[in-house]
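The values are calculated or read from the model by the stated rules, or taken from the named source; none is laboratory data. If you're wondering where the values come from, they're calculated on a predicted model, not measured in any experiment. So basically every Cβ, Gly included, is an ideal-geometry build from the backbone, and we count neighbours across all protein chains shown. Ligands, DNA and RNA are stripped out before the accessible areas are found, and what is left, the full protein with its side chains, is counted by its heavy atoms. Shrake-Rupley method; radii C 1.70, N 1.55, O 1.52, S 1.80 Å.
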Amino acid sequence: MTEHIKCPNYKKCGGCQLQNLPYERQLSFKQVKCIKLLGRYHHINEIIGMENPYHYRNKVQAAFTTKNGKILSGVYQSSTHNIVPVDSCMIEDKIADEIIVTIRKLLKSFKLKTFDDNTFKGFLRHVLVKRSFTLGQVMVVLVTGTTDFPNESKFVNALLSRHSEITTIVQNVNNKRTSLVLGNETRVLYGDGYIEDELMGKRFRISPKAFYQVNPTQTAVLYGKALEFANLNGNETVIDAYCGTGTIGILASDKAKRVIGVELNADAVKDAKVNAQLNDVDNIEFYEDDAGKFMTNLAVTGETVDLVIMDPPRAGASLEFLRSLITLSPEKVVYISCNPETLARDLSFLTRKGYKVRKIQPVDMFPHTEHVEVVCYISRIK
Ligand code: SAH
């Protein structure tokens, strides 16, 4: 097992809360957390960790600012607006980190300013890099406070000449007072404006604003468990709720009669539809909607659903979603959760309404951080 390394930014950054523990102990910490929160529903399988728990993130984000005349890039110190300078991070993709450092140097030589949140003047706010580990494609998103991009083509060429691995560069304009990184307007400066990744034998398009799992190695483990728990027989109707770019539903489609994906983010739904085509999947449909509303409407139509795969954000599922799940009454539910606290709350509801938890599998998607992902198999009591 890899020895644990201490990062010089450990205390200031706050991103890797468990970094002071050797990896094996981080895993037992997460196992215990799951037992405490979920143990009353079922035995907890042993958490699946990573063989090499470093540089696993395929998506890296850096905030930019200027302090005492010096341009800094890095991460916000937890619960503050202070930027901790970071040039390399032990959980981030190395190439992405190098690109961000290059951009910081280029800003200086192009005399481009960083954006100032107080005066609302300046140019660059954030940089987002997404990289496909399997196909090598790299997307750079320059998040700017203004639409105007002085010396745009020269800047783009300078960046490309230093990093030939970049396949697309996008400008995203965020001129709002917000803690969100990305704004509404995107402009492609180079390439296609998206990248593709290969995962578990399928191909997926990733655009700047769509959610895509950040740890591809463990995503395969997580999805693999979800599909194993789903145990599809080819004749079933499946809902992929909170489907993002449709990854899980597309992977399940080979063994399902019909898959219905629902997702709130319009860009993700667009990607999902393209992804179905890219993989020649014709038994899947995607809908842009709130998962709870969609399920409620579906329940009214009397549709028969055999399996619901759900992968909500940290807040868990809405009560509306859970109520309509009970009305739809699928035999099987596979719940993928990035927050065992809300999972415990939602399981409490489902287990009082005729469902039983049959399997609980934690997966370490975010080594060194306190976060733990759990996939859970639930089925109707006969
Ligand atoms: N299953 C996907 C995405 C999981 S992340 C994957 O594995 O890649 C959770 C997703 O839920 C995000 O794409 C987010 O945009 C979406 N989401 C958040 N709130 C939602 C809601 N109320 N209804 C539907 N989708 C929602």
Scanning the stretch 284-293 residue by residue, the ones that are free of Cβ contacts under 8 Å to residues at least 40 places away in the same chain and either part of a helix (DSSP H, G or I) or within 13 Å of the ligand (Cβ to nearest atom) (or both) total 6
Out of (1) open to solvent by 10 Å² or more (accessible area, probe 1.4 Å); (2) of a type outside the set (S, T, N, Q); (3) in contact with a helix residue (DSSP H, G or I) (Cβ under 9 Å, 6 or more places away or on another chain), the one PHE155 does not meet is (1)
The residue that is nearest to the ligand (Cβ to nearest atom), considering only those in the stretch 356-375 that are closer than 22 Å to GLY292 by Cα and surrounded by fewer than 22 Cβ atoms within 10 Å (Cβ to Cβ), is VAL357
Return the only residue of ASP282, ASP346 being over 19 Å from the mean Cα position of the chain (by Cα) and over 26 Å from VAL363 (Cα atoms).
ASP282
Answer yes or no as to whether LEU347 is crowded, with 22+ Cβ neighbours inside 10 Å, assigned by TED's automatic domain parsing to the domain that holds ALA226 and out of contact with any Lys or Arg (no Cβ under 8 Å at 6 or more places or on another chain).
yes
Given (1) over 28 Å from GLU370 (Cβ atoms); (2) modelled with pLDDT of 95 or more, index of the condition PHE120 fails
(2)
Of (1) open to solvent by 30 Å² or more (accessible area, probe 1.4 Å); (2) closer than 20 Å to PHE211 by Cα; (3) not in a loop (DSSP other than H, G, I, E, B), THR296 satisfies every one except (2)
Selection count, the stretch 302-324, where residues are within 13 Å of the ligand (Cβ to nearest atom) and open to solvent by less than 20 Å² (accessible area, probe 1.4 Å)
9
Could you list, ordered by first residue, the pairs with Cβ atoms under 9 Å in which the first is in the stretch 149-162 and part of a loop (DSSP other than H, G, I, E, B) and the second is open to solvent by 20 Å² or more (accessible area, probe 1.4 Å), at least 6 apart or interchain?
PHE149/ARG187; PHE149/LEU189; PRO150/PHE110; PRO150/LYS111; ASN151/PHE110; ASN151/LYS111
Return yes when LYS67 is of a type in the set (Lys, Arg) and either in the same structural domain as ILE103 (by TED's automatic domain parsing) or modelled with pLDDT under 95 (or both) and no when it is not.
yes
Give the residues of the stretch 238-255 that are more than 12 Å from the ligand (Cβ to nearest atom) and open to solvent by less than 10 Å² (accessible area, probe 1.4 Å), sorted by residue number.
VAL238, SER253
Buried (at least 24 other Cβ atoms within 10 Å of the Cβ) and within 25 Å of ALA315 (Cβ to Cβ): does that describe GLU288?
no
Counting only residues in the stretch 169-195 that are within 14 Å of SER132 (Cβ to Cβ) and surrounded by fewer than 20 Cβ atoms within 10 Å (Cβ to Cβ), the one nearest to the chain's Cα centre (by Cα) is identified as ASP192
